[in-house]
Amino acid sequence: MGRPLSDPLVERMRGFGTTIFAEMTALAHQTGAVNLGQGFPDTDGPNAMLEQAVEAIRGGLNQYPPGPGLPPLRQAIAAHRKHRYGLSYDPDTEVFVTVGATEAISASILALCEAGDEVVVLEPYYDSYAAVIALAGAVRRPVPLRPTAPGGRFTFDPDELRAAITANTRVILLNSPHNPTGTVLSRAELQHIADVAVDRDLIVVTDEVYEHLTFDGVEHVPIASLPGMRERTVSISSAGKTFSVTGWKIGWVCAPTQFIRAVTTVKQFTTFTSAGAFQLAVAHGLSREMEWVEALRSSLQLRRDRLADGLARVGLTVHVPQATYFVLADVRALGIDDGEAFARTLPHEGGVVGIPTAVFCDNAEVGRPYVRFAFCKRDDVLDEAVSRLVSYAGRHPS
Ligand code: PMP
Ligand code: GLN
């Protein structure tokens, strides 16, 4: 029997539906709720960088840039990685530019995984990981991140990591600083992962889009900087979070040449290239705006504290993150055990949108009690959300 035209989606993408970010942002519009769901800032990136993009468009940079990205951006990415982490990449052969980190992740997994290969991910995992692993016909193997104590930092058990590796494992798809838990993996934790990768001859694909947004002096360590790791690591980052330009979708990959060749083989057919004007502006950002980024980091840390204090006043148990845009709140403190059901009713009943973390988990128990709230918003927006939550909690005593 033929497959019906009325239901054309391929089998491997069934179950993915609409992303939780689009769904919850639509719910915020529909209900008038304060949107602390999707992680995008409500203030702009550095002015001079925005001007660069405008000037580049006016100056005629409006045709296809080279597939690997404009040379000034590739040079700026390589110089930044060298300066910040001491990692050397050849801008001509070991760096290329993508449509956001999202395309870098997709192209990497599609290029590196045969159908049936297994990909180890930290759970909760960013939603595009699951989708692209499925598109590749690969299999995800989640390793849970759990808090060390109520309200504590999330980490993984090295024994569970080892147990997740099988003869079919090909890639460890890492994310540190981690969305949604806010954990920055320490050098010791990364060493566990590196040991497993070297031992089992695995590739590590590492998503570092929050590399600059760490708090309280916590240091982001790229796993590629650990001994034996550079040659097996595909490092991914993007301009969206660093420069508050999530809509520009300029991302990049740094990796040894053979990985770049493999990943660009796919990338040249997914989009070929991305907007030159934004690429040029991001090159300016990486070389001239790192002080602006430092100010953003400090301001985000204050806003993290503002939201975390507010959520604690509501009566939630708050996991204060070491990095990113997000705090996780444990709703069990309100006498509720299903964070997903809570997050889906909250826009209607409390006028606030958060993201349930259970949707990022295979083992729903791992994410069930938590709702993620974004603090990359103006103070007045955070205050309004907290005041609505306080009033909601007053109407629903636990
Ligand atoms: N990875 C993680 C962990 C993210 O939170 C996001 C959202 N910024 C992305 C990847 C996607 O990044 P981009 O917008 O650059 O595609
Ligand atoms: N990375 C953003 C977040 O975690 C969302 C990106 C998206 O909407 N796909 O909120």
| said: Please count how many residues of the stretch 215-236 are more than 11 Å from residue 205 (Cα to Cα) and small (Gly, Ala, Ser). | reply: 3
| request: For the stretch 84-99, state whether one or more residues are within 30 Å of residue 371 (Cα to Cα), aromatic (Phe, Trp, Tyr) and within 21 Å of the chain's Cα centre (by Cα). | output: no
| request: Residue by residue through the stretch 343-358, note down the ones that are surrounded by 20 or more Cβ atoms within 10 Å (Cβ to Cβ) and either more than 19 Å from residue 315 (Cβ to Cβ) or touching a helix residue (DSSP H, G or I) at 6+ places or on another chain (Cβ under 6 Å) (or both). | output: 347, 350, 352, 353, 354, 355, 356, 357, 358
| said: Of everything in the stretch 55-74, what is farther than 23 Å from residue 265 by Cβ, touching a residue at least 12 places away in the same chain (Cβ under 8 Å) and in a helix (DSSP H, G or I)? Give them in sequence order. | reply: 56, 57, 72
| task | Would you mention how many residues in the stretch 158-188 are more than 13 Å from ligand 1 (Cβ to nearest atom), outside any loop (DSSP other than H, G, I, E, B) and under 19 Å from the mean Cα position of the chain (by Cα)? | result | 2
| query | Would you say residue 193 is within 16 Å of ligand 2 (Cβ to nearest atom) and surrounded by 17 or more Cβ atoms within 10 Å (Cβ to Cβ)? | reply | no
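For the stretch 27-38, which residues satisfy the criterion of being within 16 Å of ligand 2 (Cβ to nearest atom) and at pLDDT 95 or above?
Taking the stretch 27-38 as the starting set, the residues that turn out to be within 16 Å of ligand 2 (Cβ to nearest atom) are 27-29, 33-38.
Across the stretch 27-38, the qualifying residues are 27, 28, 29, 33, 34, 35, 36, 37.
If you go through the stretch 333-356 one residue at a time, how many are in a helix (DSSP H, G or I) and either at pLDDT 95 or above or over 23 Å from residue 305 (Cα atoms) (or both)?
11
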| message | Can you confirm whether residue 132 is within 23 Å of residue 194 (Cα to Cα) and either under 18 Å from the mean Cα position of the chain (by Cα) or within 13 Å of ligand 1 (Cβ to nearest atom) (or both)? | response | no
| task | Being free of Cβ contacts under 8 Å to residues at least 60 places away in the same chain, within 16 Å of ligand 1 (Cβ to nearest atom) and crowded, with 20+ Cβ neighbours inside 10 Å narrows it down to one of 236, 250, 223, so name that one. | result | 223
| query | Could you list, in sequence order, the residues of the stretch 357-392 that are over 16 Å from residue 179 (Cα atoms), outside any loop (DSSP other than H, G, I, E, B) and polar (S, T, N, Q)? | reply | 387, 391
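The values are calculated or read from the model by the stated rules, or taken from the named source; none is laboratory data. As the structure is a computational prediction, the values presented were derived from the model and not from experiment. We place every Cβ from the backbone using ideal geometry, glycine too, and count neighbours over all the protein chains shown.
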